[in-house]
1. So if I place +1 on the C-beta of Lys and Arg and -1 on the C-beta of Asp and Glu, and nothing else carries charge, what would the dipole magnitude of region 61-147 be about its Cα centre? I want it in debye, nearest 20.
2. Pull out the extension gain between Val54 and Asn40, defined as 0.36 nm times the separation in residues minus the alpha carbon to alpha carbon distance; nm, one decimal.
3. Could you give log10 I(q)/I(0) at q = 0.27 Å⁻¹ for region 67-128, computed by the Debye formula over C-alpha point scatterers of equal weight, without solvent?
4. At 0.36 nm per residue, and after removing the present C-alpha to C-alpha distance, how many nm does the segment from Ala137 to Lys70 gain when stretched out fully?
5. State the extension gain, in nm to one decimal, for the chain segment bounded by Gln128 and Thr112, taking 0.36 nm per residue of separation less the distance between their alpha-carbons.
6. On a C-alpha basis, how far is the centre of region 70-100 from the centre of region 116-147 in Å? Whole number, if you could?
7. Taking region 47-136, which trypsin sites (Lys or Arg not before Pro) meet the DSSP loop condition and have no more than 12 other C-beta atoms within 10 Å?
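Readers should treat all values here as calculations from the given coordinates under stated rules, not as data from a laboratory. Since the model is a prediction, treat every value here as computed from it, not as a measurement. Neighbour counts run over all protein chains shown; Cβ positions are idealised from the backbone, glycine included.
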Amino acid sequence: MKIIKLILILALASASAYATENNASQLNLAREVIEASQVNKMFDNMGPQLKQLVLQQNPVPTKATAEQRKEQVELIGKVLDFAMNEYKGLMAELAAVYADIYTEAELQAMLTFFSSPEGKSMLAKQPQVMAKVIPIAQEMNNGVMSM
């Protein structure tokens, strides 16, 4: 979780420098790519999965009362909701990063792909991919933590 925060902070800090280097049409194209690739949906879908992961990694003590258990679950939910809303602020900065890194031709190709039936199918299947990847990542994390 700390690594994700660090990456996002670095991305946000450096993105403002990119914004001045991009022309308006490339920046708009980058925004279209981000919209077509449904990055915002990804953040929305991550919330419940992250909550489950955090609860698994931070179990409520067995001696906790029902009220304490409820409070811990609610607190984790509020913290994750806050964090996810903050990360959504990354979307505005992400367009500047895309516009700086990708050429206009690359952005156009990405937009074409994400707007195609194949691109839409790929995006629609991402939750299935994540549902299979998350348990694998959890197992790997458990292995690392037990070392």
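1. Values: 8 positive and 11 negative charges, 101 e Å.
Roughly 480 debye for region 61-147.
2. Numbers: separation 14, 0.36 × 14 = 5.04 nm, distance 2.12 nm.
Full extension of this stretch gives 2.9 nm more.
3. -1.03
4. 21.4 nm
5. Working: separation 16, 0.36 × 16 = 5.76 nm, distance 2.31 nm.
Extending this stretch completely gives an extra 3.5 nm.
6. Rounded to whole Å, the Cα centres lie 19 Å apart.
7. Values: sites: Lys51, Lys63, Arg69, Lys70, Lys78, Lys88, Lys120, Lys125, Lys132; in loops: Lys63.
Listed in order of number, the matching sites are Lys63.
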